There are 4 protein chains.
Amino acid sequence: MIVVMQAGSTEEQIATVLERLEEHQLHGHLIRGEERTVIGVVGAMIPPELREELAHFSGVRETLRITQPYKLVSRELRKEDTLVNVGDTVVGGPHLTVIAGPCSVESEEQIMATARAVREAGATMLRGGAFKPRSSPYTFRGMGEAGLKLLAQARAETGLPIVTEVMTPNDVDLVARYADVLQIGARNMQNYQLLEEVGRTNLPVLLKRGLSATIEEWLLSAEYVVAQQEGNPKVILCERGIRTFETATRNTLDLNAVAVAKRRTHLPVLADPSHGTGKWYLVPPLSLAAIASGADGIIIEVHPDPDRARSDGSQSLNCENFATLMPRLAAVAIALGRKL
Amino acid sequence: MIVVMQAGSTEEQIATVLERLEEHQLHGHLIRGEERTVIGVVGAMIPPELREELAHFSGVRETLRITQPYKLVSRELRKEDTLVNVGDTVVGGPHLTVIAGPCSVESEEQIMATARAVREAGATMLRGGAFKPRSSPYTFRGMGEAGLKLLAQARAETGLPIVTEVMTPNDVDLVARYADVLQIGARNMQNYQLLEEVGRTNLPVLLKRGLSATIEEWLLSAEYVVAQQEGNPKVILCERGIRTFETATRNTLDLNAVAVAKRRTHLPVLADPSHGTGKWYLVPPLSLAAIASGADGIIIEVHPDPDRARSDGSQSLNCENFATLMPRLAAVAIALGRKL
Amino acid sequence: MIVVMQAGSTEEQIATVLERLEEHQLHGHLIRGEERTVIGVVGAMIPPELREELAHFSGVRETLRITQPYKLVSRELRKEDTLVNVGDTVVGGPHLTVIAGPCSVESEEQIMATARAVREAGATMLRGGAFKPRSSPYTFRGMGEAGLKLLAQARAETGLPIVTEVMTPNDVDLVARYADVLQIGARNMQNYQLLEEVGRTNLPVLLKRGLSATIEEWLLSAEYVVAQQEGNPKVILCERGIRTFETATRNTLDLNAVAVAKRRTHLPVLADPSHGTGKWYLVPPLSLAAIASGADGIIIEVHPDPDRARSDGSQSLNCENFATLMPRLAAVAIALGRKL
Amino acid sequence: MIVVMQAGSTEEQIATVLERLEEHQLHGHLIRGEERTVIGVVGAMIPPELREELAHFSGVRETLRITQPYKLVSRELRKEDTLVNVGDTVVGGPHLTVIAGPCSVESEEQIMATARAVREAGATMLRGGAFKPRSSPYTFRGMGEAGLKLLAQARAETGLPIVTEVMTPNDVDLVARYADVLQIGARNMQNYQLLEEVGRTNLPVLLKRGLSATIEEWLLSAEYVVAQQEGNPKVILCERGIRTFETATRNTLDLNAVAVAKRRTHLPVLADPSHGTGKWYLVPPLSLAAIASGADGIIIEVHPDPDRARSDGSQSLNCENFATLMPRLAAVAIALGRKL
């Protein structure tokens, strides 16, 4: 940490800062510049709250952090990529992950048809929501456990592992009985009890980035989960669009964040161009772009009849469009030295 | 709802839209312009999902909503201001509400000293966190029930009602045993299970706006709570700063939102300049501005020794600064025809 | 400046940084922490480009600036408020400035009627656009010099000084022949040739904040103007709304920025609630809030018949609403120890 | 245009709207719903200002636009892609455009070395700034005409066409004497006099998107240029990063905007990952992603010695990194059915 004093700070003010540092067994290293004094803080363990505290000591202009607040998920700690095993597939290695399926499970017919179609086209996992967060209390919120059972049925037939969202700590046990990967949605990225609860299951967790979460906050949320897991971290990050001023798209898929996250953490990173853009016709170009930006795979919404989808129809591909996209993804993957 | 067809849409495409409307007992009213055809949708009840669905029918350019998605909290439903009774005080009437206290309850000494000081200066309620959401798993997360007990002790002595945050559905019963007002924090504005749970307690709920929530989403979250409450709505809205590109402040307190919310809903609206700005020296000017923008009161952080606060110290006023602010707030209130 | 090395940087990498500092007659002060080394840079004059340069030296993690990049406009340089004289009025002192008038000058009748009405109600200056920036090439772009002549005629009759926008360096001489204050619009906040040109006229300059400009960039643009002016700085800052994700208002008037700017610079700061919100019915509450946040005045759009305004009608007050607002502003001003 | 009346609007209010429409030879088509009345406006030419005007008629809740405000650049007007010829190359066809070079021209040695290196690696044009917009008045602002001469010399030797920025209307003639493509920077996207002036030269124009410009505003600025050009439109759009809340990158390169722009306009679209991210190590992944998202090419900063660049060094590739990137771009281009 660096403590920047105001121009004209007094010796007494500087001494007060140094004393507080000593209370924490830290050493303050003084640099007296032409304009102002700066204090470099050195020591074994700087308490996270101390920076905020010192920031409004009298005579202090600001405090600057020089370390990242996350540890276990940091690439500084662990250089090599973390691979997350899900069923027979591996997330994070040379093979790209393609998770496909409807926004919500709506019926046996719908989920089975979709599961068959996406497996046929080459998807590696099946997604589908049984519990749906909806901003209005008056819209469809998912089939609940009945939906989970249908997902399990689809897995039994197709062999595709299941990714499905859990929204509240009380549902974690239930969802964990069916799911292969527990998804934490964007709205819950900072639902800390939920993060801890899913961490304790030891199932892989797909952690979506919050709509206005910084990359640092996203990695801190991953840290919450990993801090609960024993040994092998099983968190898969997923960029899914941020909120900006632009209204032509529902959100702004942030592929910069994919590239930054790949550099800062050893965890695998996926992208979700369906939620990221909110428009089905933008899903193919942004899926290709996501792969090219270094993502370890994508998660996209596919619905056999998007016109009649009960949620998010306007961002779903139909099965035919999905099947057309897959060889294009494969071609780009190969160009990048990876494969589907 | 308005369905805007693409320039050059075919009669068949228009017919398909009209058919789908009829399936829902809705009538499509055709307007054929020079450039394109537009369909006005008329009927008793338009299903919320239908707009999304139609948006990607072939030949459709976009669909536009012309009604607000919230009902119970809308001022179109109820013209007069909702007053929320808390202890002896009323939120939303001519008297402004001033809720003050520390970010976190840290000790008996700290909370009692603060409670006395803020009551002395004229605050109408006491705030203090016993359960704290923190973006890092390595920082102080509150005293839990011990903190709630200290808050109750402070209420017993000072008579000030207590506002405190609840973070997860499982804690609602516990917190409700102590609190006079249940606070939903910004990160939980779209934690729907939590919204429903606090709605069922029938206690007043202070609902903070999410960091990147639109005003519409904020009111929809209020709708979740009110839809659970029987009869009298007891939701107090609270603007607490949004996330923008500006880095000089921690967040951007959005007083436009206060004025807009006062116009769109009958619920009372407060502002939180402490979290809204993140800097203690910005709290006084923005508190005055909040009142002038039409807020029904403010909630601010006061700490007897902000330099040693375990969280949010840099945005807390000390007791003396708070006491200095109060008469200034009172003067502005009177200038606006209200009072403290 | 602080240079933060990566964990594990080599002695050679550190030496390379120190050498480069020496090339610039700067001294690097080493702090070796447990985790990483940090270099505090000390010297008479750090070239602005050096921070960027060092940022990607090998072994460097990041570089941190500890001084503000603006000088002349900084309150660290000059503690007392700058007062800007315009005609008989003073911007920045105890008397609040109220600049009112139509978005565009449209006709003699319109501008004379507005000028009389706003003077009658107590405005201290008249605003009106003769050159209008419009995002579409197909909309009305102002009357040009004919509009300037009408403004001069309104000044002759009412005595109100004139504030009007200049959009391009070539027009500065022309506009300067008529205007008392040259306005730089939000879109031109970083039109550097224009900033220099208006600086050279030595007329007062009203500098609007760009739609997505940080406070620091805004002050840097003021620095451009002041650096041209001889002696007495005559820049009046004006916050006019920033672009955020919120769509309920046209922009988000940022009163945090008013309070921050008042703290960082000695220049006077106004607010423009008309452009800031884009809705006439939000102008009164946000005008009051602006004053309460510490602004030295406001600039608002008033039109005798907003329904027929050729631009920005939906954010203009009519003369009656303006007359109603003024005593409310006066009451709040008095409550704050100021006056209209 | 659609005029949405408030719930409970009166017949008189509706009649007033209809009358105003008739003044403009427009027809108002009434749709009376359960909740409110909506008026569809039909007619040959709706004046752009009318929507704003009607928006605050009494009884009106809001007005909705159903057409895009740009015409000449719209894909609705012209289905096939516009190809822009620059020297021997074509922007917008199957061959991708790669424009490379330093941020600023700094010396003969620097620009000649870069030009040779980027031609060698396969770039199709040379970029380099002679006039630089800088947010601080104290930083290097380019070599001016001497820089233009060096660019011309580099073209003479390498055959690469030159792309260089013009910042102010007065410089257009000068820059046009040297440049093959006139670049309009992000800060000047809404500098309308400049847009008109470059439109009149009939040279190709590279129009960067403003830092917080919506896609619609960007296309409207293109419309300004094209409206000046006779016959064949010669505007090349360039996405270069938007301003968001994220601080890990300098800007957020918005590849959604590339895909949206390709759909809405017939003009070619490039991406600038150097300014878009601000970090040299993010340039390769985002360059690949830009191509995959459908961009017609990229413009990137290459400097022979980025550590000593006088501007933007931290986002420049050195010549070796650029040479390594090119075959990777070529591989992805081929996978997409295009070529370098």
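Can you give the net charge of the other residues whose Cβ lies under 14 Å from the Cβ of A:ALA113, counting K and R as +1 and D and E as -1?
Combined, the nearby Lys, Arg, Asp and Glu give -4.
Counting only DSSP beta bridges with both residues in chain D, what percent are antiparallel, rounded to the nearest 5?
On the way: 18 of 44 bridges.
Once the DSSP bridges in chain D are tallied, antiparallel ones form about 40 percent.
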_Nearest-20 debye value, the protein assembly as shown charge dipole, Cβ charges on Lys, Arg, Asp, Glu_ = 0 debye
_Can you give me the C-alpha center-to-center distance between region C:1-74 and region A:170-214, rounded to a whole angstrom?_
41 Å
*Take the cross-link list D:LYS149/D:LYS279; D:LYS262/D:LYS339; A:LYS208/A:LYS262; C:LYS132/C:LYS262; C:LYS132/C:LYS208 and give me the ones stretching past 20 Å between alpha-carbons.*
D:LYS149/D:LYS279; C:LYS132/C:LYS262
*Between A:ALA152 and C:ALA323, what is the spin-label point distance in nm, taking each point 7 Å from the Cα along the Cα→C-beta axis?*
7.6 nm
_For region C:251-318, compute Rg over Rh where Rg is the Cα radius of gyration and Rh is the Kirkwood radius from the inverse mean 1/r over Cα pairs._
1.03
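Mind checking D:138-147 for the average number of partner chain beta-carbons within 10 Å of each residue's beta-carbon?
The per-residue average across the peptide is 2.
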*Rounded to a whole number, what is D in µm²/s for region B:26-173 from Stokes-Einstein with the Kirkwood radius over alpha-carbon pairs (4 °C, 1.567 mPa s)?*
64 µm²/s
_Assume the label is 7 Å from Cα along Cα to beta carbon: what separations in nm does A:THR247 have to the matching positions in the other copies?_
0.5, 2.9, 3.0
*Relative to the other copies, what are the label-point distances for A:GLU80, with labels 7 Å from Cα along the C-beta vector, expressed in nm at one decimal and sorted shortest first?*
5.6, 7.0, 7.2
*Would you give the gap between the C-alpha center of region C:222-257 and the C-alpha center of region A:222-270, rounded to a whole Å?*
35 Å
*Per-pair calculated FRET efficiency, R0 = 45 Å: B:PHE140 and C:ARG32 via Cβ, rounded to 0.05*: 0.90
*Could you bin all the Cα-Cα distances of region A:195-303 into 5 Å bins starting at 0 and give me the percent of pairs in each, rounded to whole numbers?*
2, 13, 23, 22, 18, 12, 6, 2, 0
*Shape box of region A:103-155 [Cα atoms, principal axes, largest first, Å]*: 36, 18, 15
*asked:* For the rotation taking C to D, I'd like to know which residue in chain C has the C-beta closest to the axis, plus that distance in Å.
replied: C:SER212, 2
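Antiparallel versus total DSSP beta bridges in the protein assembly as shown: what percent is that, nearest 5? Walk me through the numbers before you get to the answer.
Details: 72 of 176 bridges.
Beta bridges within the protein assembly as shown, antiparallel portion: roughly 40 percent.
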*Debye sum, Cα scatterers, region A:2-64, no solvent: what log₁₀ I/I(0) at q = 0.11, 0.24, 0.26 1/Å?*
-0.20, -0.98, -1.16
*For A:GLY129, distant residues with modelled amide H under 5 Å away*: A:SER104, A:VAL105
_Amide H contacts of C:GLN183 (H built 1.01 Å from N, under 5 Å, at least 5 apart or other chain)_ = C:THR164, C:GLU165, C:VAL166, C:LEU206
*Give me the Kirkwood hydrodynamic radius of region B:42-123, using the inverse of the mean 1/r over all pairs of distinct Cα atoms, in Å to one decimal.*
18.1 Å
_Average partner coverage of C:54-67, which counts Cβ from other chains inside 10 Å_ = 4
*Identify, among D:VAL98, D:GLY59, D:GLY144, the residue whose Cα sits farthest towards the positive end of the charge dipole of chain D, taking +1 on the Cβ of Lys and Arg and -1 on the Cβ of Asp and Glu, with the dipole about the Cα centre.*
D:VAL98
_Total charge dipole magnitude, region B:97-173, about the Cα centre, Cβ charges on Lys, Arg, Asp, Glu only, Debye to nearest 20_ = 180 debye
*Residue-wise, which Karplus ³J(HN,Hα) couplings in Hz belong to region D:53-61, taking 6.51 cos²θ - 1.76 cosθ + 1.60, θ = phi - 60°, and x for glycine or proline?*
4, 5, 4, 10, 4, 5, x, 8, 8
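Using the Cα centre as the reference, give the magnitude of the dipole from point charges on the C-beta atoms of region B:166-205 (Lys, Arg: +1; Asp, Glu: -1; all else neutral), rounded to the nearest 20 debye.
Working: 3 positive and 5 negative charges, 14 e Å.
Magnitude of the dipole: close to 60 debye.
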*So what are the radius of gyration and Dmax for the Cα set of region B:153-239, in Å?*
12.6, 40
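So what's Rg/Rh here for the protein assembly as shown, counting alpha carbon atoms and using the Kirkwood radius for Rh? Walk me through the intermediate numbers first.
On the way: Rg = 30.4 Å, Rh = 32.5 Å.
Reported Rg/Rh (Cα atoms, Kirkwood Rh): 0.94.
List the equivalent ellipsoid semi-axes of chain C in whole Å, largest first, each obtained as the square root of 5λ for an eigenvalue λ of the Cα gyration tensor. Don't jump to the answer; show the numbers that get you there.
Working: eigenvalues 385, 81, 71 Å².
After diagonalising the Cα gyration tensor, the semi-axes are 44, 20, 19 Å.
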*Considering only the label points, 7 Å along Cα→Cβ from Cα, what distances in nm to one decimal separate A:ARG65 from the same position in each other copy, shortest first?*
2.1, 3.5, 4.1
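Throughout, read-outs are computed from the coordinates displayed, never taken from laboratory work. All of these numbers come straight from a predicted model, not from anything done at the bench. Every residue, glycine among them, receives a Cβ derived from its backbone with ideal geometry; neighbour counts consider all protein chains shown.
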